[in-house]
Amino acid sequence: MTLWRSLFVAASLLAAPLSLAHAQTPQTVKAKNVVLVHGAWADGSSWSEVIPILQAAGLHVTAVQNPLSSLADSVEATKRALAEQDGPTVLVAHSWGGTVISQVGTDPKVTGLVYVAARAPDANEDFVALSKQFPTGPVRAGIVERDGYTKLSEDAFLKYFANGVKPERAKELYAVQWPTAASIFAGRTTEAAWHAKPSWYAVSKNDDTINPDLERFLAKRMNATTIELDAGHLSLVSHPKEVANLILEAAGYGRS
C-alpha cells in the first residue's frame, strides 16, 4: 500500500465516526406554526394562557377543537388543522392528545413534537396495560360514564385534575369540560411519530391524572428534551410561561 493510500484510509476511518455523530444529532428547524391539541375532559380554551405568549413571539397558532368522540375523529380534526398550515409546524399535545400527535406527527410539515403531561404511545401499543404498571391517579375514581361518554365529577376535577390551578379558573374549566368517549382510552395508533421527529416533554411532578413516573418513562423512551414542573396535570394553565418556552424551543425560537 502506498503512503498516500495509507493516509487516505486512515483519514476515512477518522472521519466516519464524526459523520455518524453529526447525523444522529437532529437540528431544530425553525417553525412558522404551532398546532395545539387538548386532551380528555377539556376543550381548546385550556390553551388560552399559552397562546398569547406564542403569538407574541411571532408564531401562527391554531388550537384544535378535539371532538373526543373516537381516536379516528380526533386524528382527522388534527389533520384538517395541520393541512391549513403554511410551512413548518410544531405539534403540541396535552394529556390524551399525545395519542393524536403520535399518529399525525409523521406528516412532512411537522418538525417537532411537544408533549405536556401527555400520553406518548408506541405504534399498536396497549397503553392501558402500560399505564397499569404505574400507580393509578386519584382522578380515576371521579370518572362518571353515561351513554358511552365520560366526564369528571366536580370534586375530582377541582381536586385532582386541576390541582395547582387557581380555584376560579378551575371552575371555569370544569364548566367547559368536553364529554369524552370511554372507548378512546383503549384506542391504538398505527404510527409513533416520536421515533422519527425531535420531541420535547413537560413532566408534571404533582400530576394526579397521569402518574409522573409514567411521564418520565415516556419522555426517556422517546429521548425527549425534558423539563419537570412543580405542577399538577394542567400545567398548561398553571405554568403557561414554562410550557410556552418549551414550545418556543421546539419551534427554534428563543425563550420569551
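Below are the figures for this structure:
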{"item": "Accessible area of the chain divided out per residue, in Å², using a probe of 1.4 angstrom", "result": "47 Å²"}
{"item": "On Cα atoms only, tilt of 3-23 relative to the major axis of the chain in degrees", "result": "10 degrees"}
{"item": "Surface share of carbon and sulfur [accessible, 1.4 angstrom probe, percent] for segment 33-251", "result": "51 percent"}
{"item": "Prolate/oblate/rounded label for segment 33-251 (Cα gyration tensor, a/c 1.5)", "result": "rounded"}
{"item": "Length added when fully stretched, Gln65-Val176, from 0.36 nm per residue minus Cα-Cα", "result": "38.7 nm"}
{"item": "Spin-label pair Phe134/Glu228, simplified geometry with 7 Å Cα→Cβ offset, distance in nm", "result": "1.3 nm"}
{"item": "Long-range tail of P(r) for segment 87-144 (Cα pairs > 14 Å, %)", "result": "61 percent"}
{"item": "Net charge dipole size for the chain [Lys, Arg +1 and Asp, Glu -1 on Cβ; Debye, nearest 20]", "result": "620 debye"}
{"item": "Cα-projected label distance for Thr28 with Asp43, points at 7 Å along beta-carbon direction, nm", "result": "3.3 nm"}
{"item": "Cα-Cα over 26 Å, subset of Lys79/Lys132; Lys30/Lys241; Lys171/Lys241; Lys171/Lys205", "result": "Lys79/Lys132"}
{"item": "Ellipticity estimate at 222 nm from DSSP helix runs (n ≥ 4, -39,500 (n - 2.57)) divided over the chain, nearest 500", "result": "-10000 deg cm²/dmol"}
{"item": "DSSP bridge pairs, the chain: antiparallel proportion in percent, nearest 5", "result": "20 percent"}
{"item": "Calculated from backbone phi, Karplus (6.51, -1.76, 1.60) coupling profile of segment 232-249 in Hz, x at Gly/Pro", "result": "x, 4, 8, 4, 5, 9, 7, 9, x, 5, 5, 5, 4, 5, 5, 5, 4, 4"}
{"item": "Peptides ranked, highest mean first, by Cβ atoms within 10 Å: ranges 145-156, 102-113, 188-199, 54-65", "result": "102-113, 188-199, 54-65, 145-156"}
{"item": "Packing-based order for 92-99, 137-144, using average beta carbon neighbours within 10 Å, highest first", "result": "92-99, 137-144"}
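The values are calculated or read from the model by the stated rules, or taken from the named source; none is laboratory data. On a predicted model such as this, the values are computed, not experimentally measured, just so you know. Neighbour counts are summed over all protein chains in view; Cβ atoms, including those assigned to glycine, are modelled from backbone coordinates with ideal geometry. Side chains included, ligands, DNA and RNA excluded: accessible areas come from the protein's heavy atoms. Shrake-Rupley method; radii C 1.70, N 1.55, O 1.52, S 1.80 Å.
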